[in-house]
Amino acid sequence: MIKCFGLILLMLASTASFAQQKDLNHYIKEGIANSPLLKDLKNQAKSNTIDSLRIIASYKPQINAQSSNSYAPTYNDWGYESAITNGANFSELLAVNKRLVSKENLHNQYQAIELQNKSLATTGKISQQDIKKAITAQYITAYGSQQQVLFNKEMLKLLEKEEKILKTLTEKNVYRQTDYLSFLVTKQQQALAVTQIKLQFQNDLASLNYLSGIVDTSFTTLIAPIIEPKPVNEIETTVFYEPFKIDSLKLVNNDALIEFNYKPKVSLYADAGNISTFAVDPYKNFGTSVGINITMPIYDGKQKKMQHDKNAIAHNTISNYETYFKSQYAQQIAQLVQQLNLTQQLITEATEQLKYSDALIEANSKLLVIGDVHIADYILALSNYLSVKNSITQNTINRLQIINQINYWNRE
């Protein structure tokens, strides 16, 4: 029974440990799902759909009940002129109005809302890229801290092992007491470094959870991120170029809207009810009427031209931003690719140097056992090994960060 209970606890512990391993995709999915900005953009798109329905509804017959009642009494010839007021006016009507609109005008209004939705969708894609980039950058930073923790722990174990050997040899007078103390100080410094790096990793992990909208303070092991540079796309095919296209289409749509606003407007109306002064046979004053209203703009101080001129200026502004963006995009991609190549070269050179540092540490460890190595030289070799290893880790993290920036601009 006790054995079974112990086995269950072991299985639960193993499951809990495995559950704490998380990868980059987990944090990106959580960040996107928890983003209030993306939710806001979706709600704005839903609101625009309602606006489309309102356009349809506004051109359907509008039915209103209208009541207008007035009474103007006179006394001894004092009061409003009865020829004007009729003494009293009572109007109870049911009125129907319908605006007439061309298919082209209606399509123009629908297109304006469609362009707004496209703009929201593009903003959403760019926001997703921003979230993905920020979370990926922080994940890489946290993963780098985690790798530093693991590496420095390994070094601390090595120093603890060597310290025991050195202590025994010192007691046998193979090494001086000062050599042992120097090595002991190095080991203590390494232990302090491990503690500091652990704290840094916890801070980086907390920042990662914060960016992703995750409430979690438990210890988590990060899985190595798989990030490879994607082929650089032409700028016109990326989502970052879409706002220029959409803004230009909005201005074209706005020009068309200006033209429609200056075309004749026609609406039909009809009413039925009772209009009476209640002077004579008010029950006979039930009736109906129909009509048509036409409004034709003639002159408004050349405001139409002014509106078109404003659109032309806006077109020029968009063109300037577009040209500048293309130049900056090309420059930034070229710079990032150059940095990536140089960083990869540094990693290759440092990896080659690490082989020699590793061989030197191994040789010194063997010599330490037989008391045939200078402790100062051994400490220097350890320091060089740590420096090269840290350089490789840092440049590897820098490489991933550069790839993250390159891939950021490749969203279609």
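Counting trypsin sites (Lys or Arg not before Pro) as exposed when in a DSSP loop with at most 15 other beta carbons within 10 Å, what is the longest stretch of the chain free of them?
1-171
Work out the length of the dipole vector of the chain about its Cα centre, built from +1 on the beta-carbon of each Lys and Arg and -1 on the beta-carbon of each Asp and Glu, and round it to the nearest 20 debye.
Roughly 500 debye for the chain.
Net charge near Leu257, counting Lys/Arg +1 and Asp/Glu -1 over other residues with Cβ under 14 Å of its Cβ?
Net local charge, Leu257 excluded: +1.
Have a look at the chain and give its Rg and Dmax from the Cα atoms, expressed in angstrom.
Final numbers for Rg and Dmax: 39.6, 138 Å.
Under 8 Å for C-alpha pairs, at least 6 residues apart: give me the relative contact order for the chain, rounded to a whole percent.
Normalised by residue count, the contact order of the chain is 24 percent.
Report the net charge of residues surrounding Lys29, where surrounding means a beta-carbon distance below 11 angstrom and charges are Lys +1, Arg +1, Asp -1, Glu -1.
Value of the local net charge: 0.
Which whole-Hz couplings ³J(HN,Hα) result when phi for each residue of the stretch 234-241 is put into the Karplus expression 6.51 cos²θ - 1.76 cosθ + 1.60, θ = phi - 60°, listed in order with x for Gly and Pro?
5, 4, 5, 9, 8, 5, 6, 8
With only Lys, Arg, Asp and Glu charged, each at its Cβ (+1 for the first two, -1 for the last two), find how big the charge dipole of the stretch 134-204 is about the Cα centre; round to the nearest 20 debye.
Roughly 180 debye for the stretch 134-204.
Under a point-charge model restricted to the Cβ atoms of Lys and Arg (+1) and Asp and Glu (-1), what is the dipole moment magnitude of the stretch 114-158 relative to its Cα centre, in debye to the nearest 20?
In total the dipole reaches around 80 debye.
Relative contact order for the stretch 145-289: what percent, with Cα pairs under 8 Å and sequence separation of 6 or more?
With pairs under 8 Å counted, the relative contact order is 18 percent.
Can you give the FRET efficiency to the nearest 0.05 for Val185 and Ala363, using r as the Cβ-Cβ distance and R₀ = 30 Å?
After rounding to 0.05, the efficiency reads 0.85.
Along the stretch 70-84, what does the Karplus equation 6.51 cos²θ - 1.76 cosθ + 1.60 (θ = phi - 60°) give for ³J(HN,Hα), rounded to whole Hz, x for Gly and Pro?
For the stretch 70-84, the Karplus-derived couplings read 9, 9, 10, x, 10, 9, 6, 6, 9, x, 4, 4, 5, 5, 8 Hz, x marking Gly and Pro.
Test of understanding: in a Gaussian network model of the chain with alpha carbons linked when under 10 Å, which of Ile333, Ile197, Ile50 would top the mean-square fluctuation ranking?
So, out of Ile333, Ile197, Ile50, the one fluctuating most is Ile50.
Calculate for the chain the 222 nm mean residue ellipticity that helices alone would give, adding -39,500 (n - 2.57) per DSSP H run of length 4 or more and normalising by residue count, nearest 500 deg cm²/dmol.
-25000 deg cm²/dmol
Convert each backbone phi in the stretch 399-412 into a coupling constant with the Karplus relation 6.51 cos²θ - 1.76 cosθ + 1.60 (shift: θ = phi - 60°), then list the ³J(HN,Hα) values in order as whole Hz, x for Gly and Pro.
4, 5, 5, 5, 4, 4, 5, 5, 5, 4, 7, 9, 6, 8
Measure nothing but the geometry: give the 0 to 90° angle between the long axis through the Cα atoms of 2-19 and the longest principal axis through the Cα atoms of the chain, rounded to 10°.
Around 60 degrees separate the two axes.
Counting other C-beta atoms within 10 Å, and keeping those with at most 12, which DSSP coil chymotrypsin sites (Phe, Trp or Tyr not before Pro) do you find in the stretch 265-334?
Sparse-neighbourhood loop chymotrypsin sites (Phe, Trp or Tyr not before Pro): Tyr299.
Over the stretch 263-309, what is the relative contact order in whole percent, taking alpha-carbon pairs under 8 Å and six or more residues apart?
Here the relative contact order equals 45 percent.
Where does the charge balance sit around Thr351 when Lys and Arg score +1, Asp and Glu -1, over other residues with C-beta under 11 Å from its C-beta?
Here the count lands on -1.
Per q in 0.15, 0.23 Å⁻¹, report the Debye log10 I(q)/I(0) for the stretch 208-338, using one uniform scatterer on each alpha carbon and no solvent.
At q = 0.15, 0.23 Å⁻¹ the computed log10 ratios are -0.98, -1.28.
Any read-out appearing in this document is the output of simple, stated calculations on the displayed coordinates, not a laboratory observation. A quick note: this is a predicted structure, and the numbers were derived from the prediction, not measured. Every residue, glycine as well, gets a Cβ built from its backbone with ideal geometry; the counts of neighbours run over all protein chains shown.
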